[in-house]
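Please read the structure below before turning to the comments.
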Amino acid sequence: MRMTRNREQVYKEIINSPVPLTAYEVSKRLKDMSLTTVYRALEYLYQTGYLKRFSLDNYTYYYSSSVHRHFFRCVECGRLFPIDECHMHDYEKYLSEHFKFKIQEHFVLFSGLCEDCHKKKS
Ligand SMILES: [Zn+2]
Ligand SMILES: [Zn+2]
């Protein structure tokens with residue numbers, strides 16, 4: 001692939017972040033890059049398989065396709081938290097046996113209240 005300087009900078013921001021980022025968040029971190037340039041770089045990195053993405057509440061979040069993580073999102077403050085553990089192996093085995101699926105990957109996003117917001121509410 002052709003890694004231009006812009007693409008490389010955008011890619012580095014994403015892979016160094018423990019949580020997925022939106023184009024807007026990336027552009028805030030790369031102050032001399034316009035949002036349009038960030039969008040184009042993200043689109044390229046997604047199309048070439050370097051990044052994965054998902055949409056939530058009309059925002060598109062990008063994350064590195066080289067790491068496997070699960071995420072938790074707080075519905076109150078909107079923060080995303082990375083979860084490094086994966087306990088899906090048995091569940092995948094069950095699904096492939098029960099439904100005859102050939103599972104290639106999975107993406108897990110939990111939602112609810114984070115510790116801070118939970119404390120505030122109680
Ligand atoms: Zn919260
Ligand atoms: Zn997993």
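No lab work stands behind these numbers, since they all come straight from the coordinates. For clarity, every value in this text was computed on a predicted model and none was experimentally measured. Virtual Cβ from ideal backbone geometry, glycine too; neighbours counted across all protein chains shown.
Calculated mean residue ellipticity, 222 nm, the chain: -12000 deg cm²/dmol, from DSSP H runs (n ≥ 4) at -39500 (n - 2.57) each, averaged per residue and rounded to 500.
For the chain, the relative contact order comes to 21 percent (Cα pairs under 8 Å, sequence separation of at least 6).
Applying Stokes-Einstein at 37 °C and 0.692 mPa s to the Kirkwood radius of segment 5-64, computed over alpha-carbon pairs, gives a translational diffusion coefficient of 296 µm² s⁻¹.
Normalised Debye scattering of the chain at q = 0.13, 0.22 Å⁻¹ gives log10 I(q)/I(0) of -0.63, -1.23, counting only Cα atoms as equal scatterers and leaving out solvent. Projecting the Cα positions of HIS68, HIS87, PHE101 onto the charge dipole of the chain (unit charges on Cβ atoms of Lys, Arg, Asp and Glu, taken about the Cα centre) puts HIS68 furthest along the positive direction.
Convex hull volume per residue, computed on the Cα atoms of segment 70-121, equals 96 Å³. The mean sequence distance of close C-alpha pairs (under 8 Å, at least 6 residues apart), as a share of the length of segment 51-122, puts its relative contact order at 30 percent. The distance between label points at ARG79 and ASP32 comes to 3.2 nm (points 7 Å beyond Cα on the Cα→Cβ vector). Cα centroid separation, segment 42-88 to segment 102-122: 12 Å.
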